[in-house]
Structures are given as C-alpha cells and as structure tokens.
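Read through the structure below, which is laid out as structure tokens, and then see the notes.
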C-alpha cells in the first residue's frame, strides 16, 4: 500500500474511532439520562415507601391501629407530588389498587387488566418485580396527559413488607429522548467540525508529505534509470522530508561522482584495451614477421645445403669435363683451320650465285611489265564485247515487238475480210522477217557470249601469269638477298674460324685455370655446407627463444585469437575456391589452437589428419581449375602445393615420433603459407582468371 493510502487509512481509522467514541458517548449520555431518571424515581419511591414503613412500624408498636396507620399512610402518600403533577400509587400483591390520585374509581378494584399502548399488563409486571426482587424498574409506554401519542415511561416499584403493598411512581422519559437528541445534535456538530478539521489537517499533512515524497520517488526512479542531473525538490524544508531530500541530493552527488569515476575508469579501461589490442596486434605481427623470417631462414638453410650439395656435384663434374675439354681443345684447333679454308671457297661460289640470281630477278620483273600490258588490252576487249551484247539485246527486243505488231495486223486483216487480204500478206511477210531477225539475233548473242567467255578466260590466265611472274620476281629477289646474306655469313665464318683458331689456343690455357678454380670451389662448397648447418642450428635456437618469448608476453585469453582471420583481402571472387580457402583456414586455425592450448595428443593428431586430407582435396581442385583456365605458371604452383604437403607431413610425423610441437613451427608453416602462397600465388591465379570470365563462370 502506498504512503498516501496508509495515511488516508490512518485518518479513516482515526475518524472511525472518533465516530465510535461519539456513538458510545451518546449512548452513555442516553444511559446516564435514563439512569438519572431511574435513580430519581427510585429515590422518590424510597421516600414514599419510608412513609408507609413508618406507619407500619407505628402500627406494629401499637401506637396506631393498623387500619388507621394504613389510612394515614395512603393519605400521606396520595398528597405527594413532584415535577408538577407526577404522583405515587399503591397496590397490593393481588392487584387491588389501594391508592391512585388519577384513578379514584378503580381504588379497591383489581387493576391487573390495565395494559399499556403495546398491550403489556403493567400491574402484573409491577407485582412480579415486587414479589421476585422486592423492588425494581418496569418500562412501558403510556398516554401522557394532553398528548395523542403514548410516550415512554419508566416506573420504580417497591414492596412494603408486612402489609404486602407495592408503592411505585412513573416518570416519562420522552424528555430524555429530546434532551438526548439535542445533546446528540450538539455532539454531532462538534464531532463534524472536529472531523472536518482533522480531515483537512490530514489532507494537508498528506499533501505536504506524499507530494514531496512522490517527487523524491520520481527523482530516485529517474536516477536509477541513469538521469542523475535532475533537480532535487524540498531541499529547503526543515522537516524529515527536507532531511530525506538532502540525503537524496548527497546520494545524487555520489552518483555523479561515481559516474565520473566510472567514465574515467571506462575511458582508462578502453585505453588499456586499445593498448592491449595494439600490443596483441604488434605481438601477432611480430610473431608472423619473425616466424616468417625464421621460416625463411630455415628454408634458406635447406636451400643452401641443397645448393652446396649440387655445387659439390657440379664441381666434380666440372673437373671431369675440364679434363675432357683439354683433350678436345687440340682437336678443335685443327678442325677450325680446316673450316676456315672451306669457308673461303664457299664464299667465292656464293658470290657467283648472287650475280645469276640478280639477273633472273631483272628478267622476271620485265615479264611482269609485259604481261600487265597484255592483260589491260584484253580487259578493254572484254568491255567492248559487253557493249555489243547490249546492242544485240536491243535488236532482239525490236524484233519481238515487230512480231507482235505483225500478229495484230494479221488479226485485223482477218476481221476486214476480202478487203484486208493484201494487208494480211504484207503482215505475214513482216512477221517472217521479224522471226528471222530474232533467230539471227539469238545466234549473234550466242557468239558474243562465247567471245566474252573466251575473253574472260584469257584475262584470268594472263592474271595468273602476271602473278606467277611476280612470284618469280619475288623468289629471285629473295634468292639474291639470301645469297648475299650467305656470302656475308660465309665471310664471317671464315673470319671467325681464324679467330676460333686463336681462341682455341686461349681456351687450352683457360682450362688449366678452370681446373684450379674447381679445386677452390670444392673447398668453398664444404665451407658453405658447414655454414648452412650452423645457420640451421642458430635458427632453431632462435625459434625456441621466440616461442618462449611469445608464451611469456601473450595476454590471458589472447591464445584464443585465430592464427589468421578471414577477410576480404583473402577473397578472390571465385565462390568454390573461396569456400575451400575458408574451410582450409578453419582447419589451420584448429591445428594452431590445438598446439597453443596443449590439447590431447589424439585431438592434435586428428586435427593434422583433417588438415592434410582437406588440403590435398583443395589442391587437387585448384590444380584442375588452373588447368581448365590455362594458367601459365601452374607447374610452379603445383610445386608449392607439394612442398606444403611435404612440410605438413614432416611436422606431423615429428610430433607422432614424440617431438614437441612449437607454436612458431605451426605459425611458420601455416601463417607463412597464408601470407605468401594464398595472397601471392593464389592471388595471381585469381587475377589471371579475372581476365577469363567465361572459364570462371564454368568452373564456379
């Protein structure tokens, strides 16, 4: 329940208590008023009863006769009045009325039949109380003189021992109810005023407490949500709420200070994290760089050893060849001199051939000119013959038209009858001439076509002759040029042969020097092999030191960083190859984590096997892709693949034989592979494939 509700509940409870107290007070007041009347009635009856008791005592002592004493007592009591017209009555235990100022006609008679407004037999009640308790009160309602409605009345009756009388009086208590109502109204008004004042005070107190508390609660709520720069209300109040507000302000200042400290700490934490990340990046870069260098040193060591062995073999072979060359040098000198003499004779022959080839070329050029003239004349003839064909076609058209006109004339002559017979004969002659002209024209056309065909064939034949002559001229020119070149070459051969003879003698002297150099090379090769071995040992020691250094400087949790992270710089735009590279990178990182984390040997061995199997599959796919796109450096790429598998197998085998696997060994192999092969060699494949989009789409 909220504070407002609690305060209102307290006020409501206090109001209810006041109401209960007021009700109880009114009830008590009514009871006191009734009790006052009852006590007054009792006191009055006691006084009247004392009169009767006095007379009874006098009669008992013989001072007065019993009847006289009774009459005297009745007369004395009958004269008693109080509060104006109130009176006393006397009846015996048998219900006989002995004295009653307002009912003189019922004196001496039984009054037990008298009942009040509610039907209660009053005198039976009086007698019952007197018999049972000797005295007591009886409540009933009786008609008050001058009024139309019965009023409540209370009577007190008391038994007079010895005489068995019942003396009583009754008092109307309707005035008690009136007084009670007046008192109740007065008390109610006072209570209402007090209650209103209490409620108003409670409302003011509630508002003066609940509202600032609500504002403080809102401020505290907003502060808990992070808004710590809100103004704190009620700081100037001097009561407990002011103390609470000032406490909230102190708490707010603490939060502001704490936030500033938190922000400073957060800034310091971010700076530390950034420095740590930079340091980790530097360590990673150092690891990749130094391990790549060490891996390069190891490769250089192996290459130096291999080269030293090859150099040793080459020196041995050189010394053997030098011995052979020394013997061949003398023989070569004699051969060179023979070649020089033959070259002189060959030079003279080639000079004569050159002269003849030059003359043949000039004749061929002349034939080409003559043939060109003939070809032009025949071409003109072919054009003229074509013009004749045009005229012949015109004559044929005229003959056909004349034939049609003659046919029409014959038809018209037939229509004319005998008058047109002469015209019909002329028309027939004209038709006959037109037919003959058409036949002659056809024959001329056929002859012209044959002439055109013959002319065209002549043109083509002459054209072929022209081409042949030109080819002959070109060949003759080429022969002449080649002969001149041969002459120059032969002259050069002769000159070089003479120089060769001189050089051969120099070679013989140089061979001795080469033999001495070969001996020196043997000693240098042995020293190179020893140097390479020492370099390998130092590189191995440096690897161990670097591995130990990296373990010492690595931060907690940094071992969970992958060896190589996939990025856009590793994507080549070939979906299948990129997917296989991503999978290969995942397996390489798994091996790296296994080595760095010191996992179970079985898990590390399994990681090596998975990497080896997938690498072999990927290399096969990649080599097939290179073959498909015709990559020119595919063989060198395959050598790189074979070298990786060989080194991976060697590393795994060393581990299976019990050797410790160092992180630098894994970084040197796997990290170096990604830095050099994937970005370098595979990048070259991707760039080559980018120029061949169709093969890429087919392969992808």
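Which order do peptides 586-592, 270-276, 18-24, 74-80 fall in by mean Cβ count within 10 Å, highest first?
586-592, 74-80, 18-24, 270-276
Extension gain residue 23-residue 71, at 0.36 nm per residue separation less the Cα-Cα distance, in nm? Numbers along the way, then the final one.
On the way: separation 48, 0.36 × 48 = 17.28 nm, distance 4.98 nm.
Length gained between residue 23 and residue 71: 12.3 nm.
Starting from the Cα of residue 613, step 7 Å along the direction of its Cβ; do the same at residue 656; then give the gap between the two resulting points in nm.
Label-label distance for residue 613 and residue 656, simple model: 1.4 nm.
Using only Cα atoms, locate the centre of region 207-270 and the centre of region 615-629, then give the distance between them in Å, rounded to an integer.
70
What does the extension gain come out to for residue 395 and residue 260, with contour length at 0.36 nm per residue minus their alpha carbon separation?
My answer for the length gained is 36.6 nm.
Neighbouring Cβ atoms within 10 Å as the yardstick, rank 390, 262 fewest first.
On the way: 390 9, 262 12.
Ascending number of Cβ neighbours within 10 Å: 390, 262.
Residue 271 to residue 586: FRET efficiency via 1/(1 + (r/R0)^6), r the Cβ-Cβ distance, R0 45 Å, to the nearest 0.05?
With R0 = 45 Å, the Cβ-Cβ based efficiency is 0.85.
What's the exposure ranking of 179, 166, going from fewest to most Cβ atoms within 10 Å?
The fewest-first ordering by Cβ neighbours comes to 179, 166.
Would you mind calculating the gained length between residue 684 and residue 149 on full extension (0.36 nm times residue separation, minus the Cα-Cα distance), in nm to one decimal?
Gain in length upon complete extension: 179.7 nm.
Give the Rg/Rh ratio for region 145-190, taking Rg as the radius of gyration of the Cα atoms and Rh as the Kirkwood radius, to two decimals.
Rg/Rh: 1.26.
Work out the FRET efficiency for residue 412 and residue 453 from their Cβ-Cβ distance, taking R0 = 45 Å, and round it to the nearest 0.05.
Given R0 = 45 Å and the Cβ-Cβ separation, E is 0.55.
Taking each pair of different alpha-carbon atoms in region 3-203 once, compute 1/r for the pair, average those values, and report the inverse of that mean as the Kirkwood hydrodynamic radius in Å to one decimal.
19.7
Counting other C-beta atoms within 10 Å, which of 673, 89, 566, 142 has the fewest, and how do the rest follow?
By the 10 Å Cβ count, ascending: 566, 142, 673, 89.
Using a simple spin-label model with points 7 Å from Cα along the Cα→Cβ vector, what separation in nm is obtained for residue 31 and residue 446?
Simple spin-label model gives 16.9 nm for this pair.
Would you mind computing, in nm to one decimal, how far apart the modelled labels at residue 10 and residue 636 are, each placed 7 Å from Cα along Cα→Cβ?
Each label point is offset 7 Å from its Cα along the Cβ direction, giving 9.5 nm.
Between residue 313 and residue 359, what FRET efficiency comes out of the Förster formula 1/(1 + (r/R0)^6) with R0 = 45 Å and r the beta carbon distance, rounded to 0.05?
Numbers: r = 61 Å, r/R0 = 1.35.
The formula returns an efficiency of 0.15 here.
FYI, it's all coordinate maths here, none of it is from the lab. These numbers were taken from a predicted model, which means no experiment stands behind them. Neighbour counts run over all protein chains shown; Cβ positions are idealised from the backbone, glycine included.
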